[in-house]
Amino acid sequence: GAVVSQHPSWVICKSGTSVKIECRSLDFQATTMFWYRQFPKQSLMLMATSNEGSKATYEQGVEKDKFLINHASLTLSTLTVTSAHPEDSSFYICSARGTSGAEETQYFGPGTRLLVL
Amino acid sequence: RKEVEQDPGPFNVPEGATVAFNCTYSNSASQSFFWYRQDCRKEPKLLMSVYSSGNEDGRFTAQLNRASQYISLLIRDSKLSDSATYLCVVNLRRQLTFGSGTQLTVLP
């Protein structure tokens with residue numbers, strides 16, 4: 001099946017620093033990528049949807065200036081958490097949807113655990 | 001009301017037991033439905049799609065009742081390896097909404 005990678009898999013940083021997370025589709029072209037966040041014992045919450053070459057669409061309550069998303073190519077999307085604070089500590093998961101196959105098929109990356117001290 | 005609601009559990013069952021999970025969704029326009037499995041500290045993985053006619057994949061049976069906006073998952077002859085969190089997922093206009101998951105632990 002399709003493979004999506006994320007890097008880094010985990011990161012610990014000090015409050016106030018920025019953290020960049022990469023999401024890559026390894027064997028297919030992803031026209032749409034999704035960024036989710038999951039707090040402990042909670043469901044995945046969609047943060048934003050990005051389409052290659054255009055601005056991301058953010059969900060209500062997600063600050064676009066704090067969570068910068070760039071989807072510059074069909075295989076790479078990045079999420080930058082700017083000026084991270086402890087409340088941003090979470091499990092961030094990307095997923096990608098390809099240009100072929102079932103339209104609703106999304107392939108998930110392995111996730112990135114962020115801990116902000 | 002949450003868009004997708006599940007009983008959080010936990011469900012603790014012995015090996016070999018049959019266990020059923022339920023899920024309800026609020027938007028009647030939802031178009032497609034899935035069960036995902038999520039292991040601890042891992043990403044969710046697609047277990048199976050859910051169709052109105054009901055569908056089976058080995059020990060797993062999924063059912064959808066559009067009139068009641070209700071989805072179920074039945075696991076027969078449960079194995080230790082079935083221990084995970086099961087997520088009910090609904091697709092509307094190509095956007096997935098996840099339930100908070102039902103935790104299952106299969107005991108030896």
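The values are calculated or read from the model by the stated rules, or taken from the named source; none is laboratory data. Just so it is clear, the structure is predicted and the values come from calculations on it, not from any experiment. So basically every Cβ, Gly included, is an ideal-geometry build from the backbone, and we count neighbours across all protein chains shown.
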### Test result for A:S77, more than 11 Å from the chain's Cα centre (by Cα), more than 23 Å from B:L47 (Cα to Cα) and of a type in the set (S, T, N, Q)
no
#### Entry: Test: residue in region B:31-47 that is out of contact with any helix residue (DSSP H, G or I) (no Cβ under 8 Å at 6 or more places or on another chain), buried (at least 17 other Cβ atoms within 10 Å of the Cβ), more than 11 Å from chain A (Cβ to nearest Cβ) and not aromatic (F, W, Y)
yes
### Query
Tell me, which strands (runs of 3 or more DSSP E) wholly within region A:36-117 include 1 or more residues that are surrounded by fewer than 13 Cβ atoms within 10 Å (Cβ to Cβ) and of a type outside the set (D, E)?
A:67-73
### Summary
Reported set for region B:59-85 where residues are farther than 21 Å from B:S32 by Cα and not charged (D, E, K, R) is B:S78, B:L80, B:S81, B:S83, B:A84
### Query
If we scan region B:58-68, do we find a residue that is within 25 Å of A:I93 (Cβ to Cβ) and within 13 Å of chain A (Cβ to nearest Cβ)?
no
### Task
Determine, yes or no, whether B:Y25 is within 14 Å of another protein chain (Cβ to nearest Cβ) and modelled with pLDDT under 95.
no
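Okay, residues lined up against (1) touching a His at 6+ places or on another chain (Cβ under 7 Å); (2) within 23 Å of B:R1 (Cβ to Cβ); (3) at pLDDT below 95:
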| residue | (1), (2), (3) |
| --- | --- |
| B:A20 | no, yes, no |
| B:A29 | no, yes, yes |
| B:K42 | no, no, yes |
| B:L46 | no, no, yes |
### Message
Pairs needed: first member in region B:42-71, touching a residue at least 40 places away in the same chain (Cβ under 8 Å); second member anywhere, among the basic types (K, R); C-beta distance under 8 Å; at least 6 residues apart or different chains.
### Response
B:P44/B:R37
#### Entry: Considering residues of region B:69-81 that are farther than 16 Å from B:T97 by Cβ and surrounded by 16 or more Cβ atoms within 10 Å (Cβ to Cβ) only, the residue farthest from the other protein chains (Cβ to nearest Cβ)
B:S78
### Task
Please give the number of the condition B:F11 fails out of (1) within 14 Å of another protein chain (Cβ to nearest Cβ); (2) surrounded by 18 or more Cβ atoms within 10 Å (Cβ to Cβ).
(1)
